[in-house]
Amino acid sequence: MAIKTKRFLSSRKSCSCSMPGVWRAVAYMDGVVVIFHSPRACAHVARTMDINSQYRTLSEGRSENHASVPLLCSQMEEKDSIFGGVERLTKCVRFAMEGYKPECLVIANSCVAGVIGDDVDAAAREAEAEYGIPVLTVDCCGFLDGEYYQGYFEITKQLMERFIKPCAKEAGTALLIGDNSGPWGHYALEVTRLLAGLGVRVIGQFPGYVPFKELPQLAAAEIAMVLGGRGQTYDGLKEFTQEMSVRFGMKFLPDVYPVGWQQTHQWLLSVGELVGRREQAEAVWRQEEERLLAELQRMLPVTKGRKTVLCIGRLVQYFRPEAILQTIKMLELDLTGVIVLDCYMGKEREEMVQLVKNSCDYPVYDIHDGEALLTEAELVLTTHELQLKGGKQIFLPMLPLVALTGELKMMRGIYQALCSRLKGGMLYV
């Protein structure tokens, strides 16, 4: 028995480039142009990431609503590492201004620009004075002294501080904060659907998906709703949203994330209380419950009593077992045990073991003691691909599925796997 793929996850900080974070923060903000002060390859990497995101969206039967903003590159060369690249950046800024007529320009700094000490801040100030539009840049430089979310949050904060203005509140409106695959992504669609049931209208998703000229009016939203639920992403979004709530008087609901059936119930009621629409929240919940019970009635003849094993190898900050354990219970699967894999360092494994024991009464094993369970299981729910000769595996997604639509998608995946005549294989829900 062995894990097919192991990944080391730092519990404190990721190792990534800040430039794609800067890009993603404004990628669909009409009126903005982004410049990477970098070699050409850096822009290619960011574009490749964006294309992969688009392919994932299309593979799920969805489509993006509008195109991304222009991404330009100063195309630094070897000689620029000796003589400096500010002149090349200035030419790129001129090209952007003349060719695209942006309302705002955003400059992201590369490792090369940081190493040679290009004064990008000064270049941005000069461009802002010359062309009369805001020009934003960040302190971090690629991998040198930053990472993805540092770039993302620095630009997000600048956009808030410079362009969002206090204004009269519009009752029954919400502003979504974060990305999670954009307005066409699973999370934003589900939240928008549930809020609509409460009579709450989403006026935008910030940053990245609001036209630049509409930024001053975003403070009209009654509530700010964070998209995301764990790790440094959520920590950063929560801190940012708390600042927005203080600055602009928005209502804010922290630490409630609609993953799993009970959490979705709590989220709905909490939002209903926040906007004074408790009765509407209860009505929406009853409708969701009817949908769930109808699906369970169809699935239970297949799922009830089927031997199942749950395998966990992610850190506590990225994976909480409560939701999948609840799904197992509702489908009446016969969970023979929970295996905590050897993917942890130090006390990380103990934290997950304790969390599982606090969430259920099922026995907990390590990979060696639980090997016999895997050979007997009809279904394995796992955070990692396992090398099994047989056995049907369902890979638990890194980004958790939310609300009833997410719950039903997971249930249907389990149902279809158990209905399949195939003896093994991996299903990605």
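The values are calculated or read from the model by the stated rules, or taken from the named source; none is laboratory data. Bear in mind that the values here come from a model prediction, so they are computed numbers and not experimental data. All Cβ positions, glycine included, derive from the backbone under ideal geometry; neighbour counts span all protein chains shown. Accessible surface areas use protein heavy atoms only, side chains included; no ligands, DNA or RNA. Shrake-Rupley method; radii C 1.70, N 1.55, O 1.52, S 1.80 Å.
Dividing the radius of gyration of the alpha carbons in region 365-414 by their Kirkwood radius gives 1.03 for Rg/Rh.
May I ask for the percentage of alpha-carbon pairs in region 307-350 that lie more than 13 Å from each other? That fraction is 58 percent. Mean separation of Cα pairs under 8 Å and 6 or more residues apart, divided by the residue count, gives the chain a relative contact order of 15 percent.
Share of carbon and sulfur in the accessible area of the chain stands at 51%, probe radius 1.4 Å. Is the C-alpha gyration tensor of region 145-252 telling us rounded, prolate or oblate? Criteria: a/c under 1.5 is rounded; beyond that, a/b larger than b/c is prolate, otherwise oblate. The shape class here is oblate.
Taken over the Cα atoms of region 88-148, the convex hull encloses 81 Å³ per residue.
Within region 300-429, all pairs of alpha-carbon atoms sorted by distance into 10 Å bins from zero give the percentages 12, 48, 35, 5, 0.
Quote the FRET efficiency, to the nearest 0.05, computed for Glu350 versus Trp184 with a Förster distance R0 of 41 Å and r equal to the Cβ-Cβ distance. Given R0 = 41 Å and the Cβ-Cβ separation, E is 0.55.
The stretch between Leu296 and Lys165 holds 42.4 nm of extra length on full extension. This uses 0.36 nm per residue minus the Cα-Cα distance.
Max-minus-min Cα coordinates of the chain on each principal axis give 71, 52, 37 Å, with the largest extent listed first. What number comes out for accessible area per residue over region 266-406 if the probe is 1.4 Å? Units Å², please. With the other protein chains kept in place, region 266-406 gives 47 Å² per residue. Shape class for region 277-345, computed from the alpha carbon gyration tensor (a ≥ b ≥ c): oblate, with a/c not under 1.5 and a/b at or below b/c.
Past the 24 angstrom mark, what percentage of all C-alpha to C-alpha distances in region 80-185 do you count? Percentage above 24 Å: 37. Residues Tyr100, Tyr318 ordered from highest to lowest accessible area at a 1.4 Å probe: Tyr100, Tyr318. Under the combined filter of DSSP loop state and at most 14 neighbouring Cβ atoms within 10 Å, region 332-410 retains these trypsin sites (Lys or Arg not before Pro): Lys347, Lys389. For region 233-349, what does the alpha-carbon gyration tensor say about shape, rounded, prolate or oblate, given a ≥ b ≥ c as the root eigenvalues, a/c under 1.5 as rounded, and a/b over b/c as prolate? The shape class here is oblate. Using a probe of 1.4 Å, the accessible surface attributed to His265 totals some 40 Å² when neighbouring protein chains are kept in position. Each listed q (0.15, 0.30 Å⁻¹) maps to a log10 I(q)/I(0) for region 174-222 from the Debye sum over equal C-alpha point scatterers, namely -0.37, -1.18. Between beta-carbons, use under 12 Å as the cut-off and find the net charge around Met411, counting Lys and Arg +1, Asp and Glu -1. It works out to a net charge of +2.
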